[in-house]
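Novice: I am attaching a structure below and will ask some questions about it afterwards.
The values are calculated or read from the model by the stated rules, or taken from the named source; none is laboratory data. Predicted model only: the values in this text are computed from it and were never measured. We place every Cβ from the backbone using ideal geometry, glycine too, and count neighbours over all the protein chains shown. Accessible surface areas use protein heavy atoms only, side chains included; no ligands, DNA or RNA. Shrake-Rupley method; radii C 1.70, N 1.55, O 1.52, S 1.80 Å.
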Amino acid sequence: MTARPRPPCILLAAAGGTIAVVAMAALGGCLSVPEGVAPMCHTDNDCDRSHGELCEEGVCWGNPPPGPYAAVVSPPSSRQDLVAREIPQLVIPDHGWVGDLTLEVPVLLSGKLVAFCPPPLVTCDPTPLAGTVTVSRPPQFRGGPGFKTTTNVAAGASFAMPVRRTQMGDDPYTVTIVPDATRQVTGRSAAEIVPPRRMKVAVIDNLATQAIELGGADLPTISGTLRDSSGAGLANYRVSAFGHWDPTEPVVEVSTVDYTDASGAYSVTLSDELVNTVELVARPVPATSNGAPPTAAAIHVTGLGATAASARDLVMPNNLGKPTTLSLQIQGLDDQTGMIGPVSAAQVSLTGSLTGSGASFTVADTEIADASGQVTLRLLDGDGLMASYRLSVAPPAGANRGGVIFDQALSSFTMLPLVRLPPRIAVRGNVVYGGKPLANATITARPSLRFLWSLDATAQVFVASIPPSTTTTAPNSGDFVLRVDPIVEQTLGHYDLAIEPAAGTRAPSFVVREFAIPQTLALAPVTITYPFQLADGMAPDIYLPDAAFIHGRVAAPDGQAVEGAEVRVYEVSTQLTLCSEVEHAPASCPIPAALQARNTSDAAGTVRLALPR
């Protein structure tokens, strides 16, 4: 076997005359082995030499799992002379030393934002506009995080963003520019003058600060008037359009912004290179900068052409009603005391909608319940709207007095103003590593992809926004209890349980994937074991897999060590069958690579990581 460099940094701690090794890494960061922890080895013979392990720093390095692995190496924020690097295929030798992970010198993507000046005008205002510039690029390995950075540009200023040099075979960068929409006391905001813009850019060298034009001579517009049922103009509505440059991405604002005056007239200009259709959205806004938003319906018009001009005159129906308020008391059953009590800090949303004349008219309000569980929502009291209102409630993270309500008809609550939340399910277990309970580990349950992709788009957004349930294992044992929602939209929950050991252990971070809430136990506490199963009764053990320890050195292009660089190691998924097993998976099947370990480099550039086997 070829000899490899030995990591120059050895961290030792003395306790009671015993020299103990300090330093391992896992998903949550540096794992400093506490004083008194015995070394794993003294010589290579104490390690699994048949699988390539070698002893250094009192640790058996090597014998990694098969992978495949990829990595992202990022410089510390203080090193503006370096830029992050993706390693699509991280080769981990049997002995665990991955060698130098070399960062790169960035190039600058520079520019200033200016409004298009139509000829033959030569007196346009040359002052650069304010806006937000986002530069992104797809990941270089399947399911990776990719690259994304954002900067805010002030009026009159330019920007210079460090990025990795575009190399042969690389995707170009996607540059998305969104003009600033902050309303001005005098004059118009940048978003009222020009629409957003998206463009593809390859950056092979530092770019000179060039003028990037927003707007254009032949961009399509949507115009018309907003009127009430009596024909009077609707003032103080913010009007814009939402759509796509890429149909696989969420909708975003893709037009200029206009504010209606007493006449109700509006006109917005669309961005170029849009696909499919756009949705026109008009929302009521405060009449003054410090005023409260009025209780009035927003207007939505879908299916408008994205590449041709159109006109829409819109009239509010006469049965929306008048502004009123609805006070609710949010309650839940405490599964520890058996008592019903208020649920404070719950997010409560109410939405009602009417459709007619090619548009929908929506009233929505979201408020946070106070310490007594009380919340007051604003709405319109028209008969048609009252029958359409639907309620959603998401308790805060860790709440044990009830779970979520999603999109439930307000009329179905027979005890208004009391709203009783359904129970959450207690999930418990005992985490064990190396035959011993793993104390003080952080346990977090998040909805799995199977759960999310079994729901439609609206429910996916709601479930993804629920604060994840998090707890820690007991100080003197590996026991834990956390609570999750057993069912949403008639879909039983599936969760990923992330286990992140506390600093001072050699245990790897690990994720118990796809544990499902059994239908027969949907309201009863369940226990988790690993290898995976669910059981009722006494808490069995979750056995963490052994750790495979690897290390390497982060360096600059000149070979100098880089301290404080972050290294993240991912396992790239090769199993894509999930997308054919669920109803609402995206067409691109974007299963993310699984983050297995991360840590930062020390003064010698050495980074140490623990991978779960």
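Novice: Can you list the residues, at least 5 places off or on another chain, whose amide H is less than 5 Å from the amide H of Arg227, using H built in the peptide plane?
Specialist: The list, which skips near neighbours in sequence, is Leu234, Leu314, Val315, Met316.
Novice: Taking the Cα centre of the chain as the origin, how large is its charge dipole in debye, to the nearest 20, when only Lys and Arg (+1) and Asp and Glu (-1) carry charge on their Cβ atoms?
Specialist: Rounded to the nearest 20 debye, it is 380 debye.
Novice: I want to verify the translational diffusion coefficient of the range 204-268 in µm²/s; compute it with Stokes-Einstein, Rh as the Kirkwood radius over Cα pairs, at 25 °C and 0.890 mPa s.
Specialist: The Stokes-Einstein estimate is 168 µm²/s.
Novice: How high is the relative contact order of the chain? Use alpha-carbon pairs under 8 Å, at least six apart in sequence, and give a whole percent.
Specialist: Over the chain, the number comes to 15 percent.
Novice: If I stretch the segment between Glu273 and Thr248 completely, what's the gain in nm (0.36 nm per residue apart, minus their alpha carbon distance), one decimal? It would help to have the intermediate numbers written out before the result.
Specialist: On the way: separation 25, 0.36 × 25 = 9.00 nm, distance 1.48 nm.
Extra length available between Glu273 and Thr248 comes to 7.5 nm.
Novice: With every protein chain left in place and a probe of 1.4 Å, what is the accessible surface of Asp479, to the nearest 10 Å²?
Specialist: About 80 Å², rounded to the nearest 10.
Novice: Treat every Asp and Glu Cβ in the range 187-302 as -1 and every Lys and Arg Cβ as +1, leave all other atoms uncharged, and give the resulting dipole magnitude about the Cα centre to the nearest 20 debye.
Specialist: It works out to roughly 300 debye.
Novice: Could you list which residues have their amide H under 5 Å from that of Ala502, counting only those 5 or more apart in sequence or on another chain, with H placed in the peptide plane?
Specialist: Sorted by chain and number, the residues that satisfy this are Ala441, Thr442.
Novice: Which residue, Gly111, Gly231, Leu611, has the largest displacement toward the positive end of the dipole of the chain when charges sit on each Cβ (Lys, Arg +1; Asp, Glu -1)?
Specialist: Gly231
Novice: If you scale each eigenvalue of the Cα gyration tensor by 5 and take the root, what three semi-axes come out for the range 268-315, rounded to whole angstrom and sorted largest first? Numbers along the way, then the final one.
Specialist: On the way: eigenvalues 145, 32, 16 Å².
Over the Cα atoms of the range 268-315, the semi-axes work out to 27, 13, 9 Å.
Novice: Rounded to a whole number, what % of the accessible area of the range 64-140 do carbon and sulfur atoms account for, probe 1.4 Å?
Specialist: Details: 2090 of 3510 Å².
About 59 percent, which is the carbon plus sulfur part of the accessible surface.
Novice: For the range 424-475 and the range 354-409, what is the centre-to-centre distance using only Cα atoms, to the nearest Å?
Specialist: Going from one Cα centre to the other spans 26 Å.
Novice: With a 1.4 Å probe and all protein chains left in place, how much of the accessible area of the range 182-281 comes from carbon and sulfur atoms, in whole percent?
Specialist: For the range 182-281, the apolar C and S fraction of the accessible surface comes to 48 percent.
Novice: Hey, got the Cα dimensions of the range 319-376 along the principal axes, in Å, largest first?
Specialist: Largest first, the range 319-376 extends 53, 19, 15 Å along its Cα principal axes.
Novice: If you count only protein heavy atoms and use a 1.4 Å probe, how large is the accessible surface of Cys41, to the nearest 10 Å²?
Specialist: That residue has around 0 Å² of solvent-accessible surface.
Novice: Cα-based Rg (one decimal) and Dmax (whole number) for the range 188-331, in Å?
Specialist: 18.3, 61
Novice: Report the Stokes-Einstein translational diffusion coefficient (µm² s⁻¹, integer) for the chain, Rh taken as the Kirkwood radius over Cα pairs, at 4 °C with viscosity 1.567 mPa s.
Specialist: 46
Novice: How far is the Cα center of the range 285-333 from the Cα center of the range 158-209, in Å?
Specialist: The range 285-333 and the range 158-209 have Cα centres spaced 32 Å from each other.
Novice: Next question. Cross-link candidates for Lys148: which lysines have Cα within less than 28 Å, leaving aside residues fewer than 8 places away along the same chain?
Specialist: Qualifying lysines at Cα under 28 Å: Lys112, Lys200.
Novice: Among Gly403, Ala441, Cys589, which residue has its Cα furthest toward the positive end of the charge dipole of the chain, with +1 on Lys/Arg Cβ and -1 on Asp/Glu Cβ?
Specialist: Gly403
Novice: Can you give me the three principal axis dimensions of the range 286-336 from its C-alpha atoms, in Å, biggest first?
Specialist: 60, 30, 29
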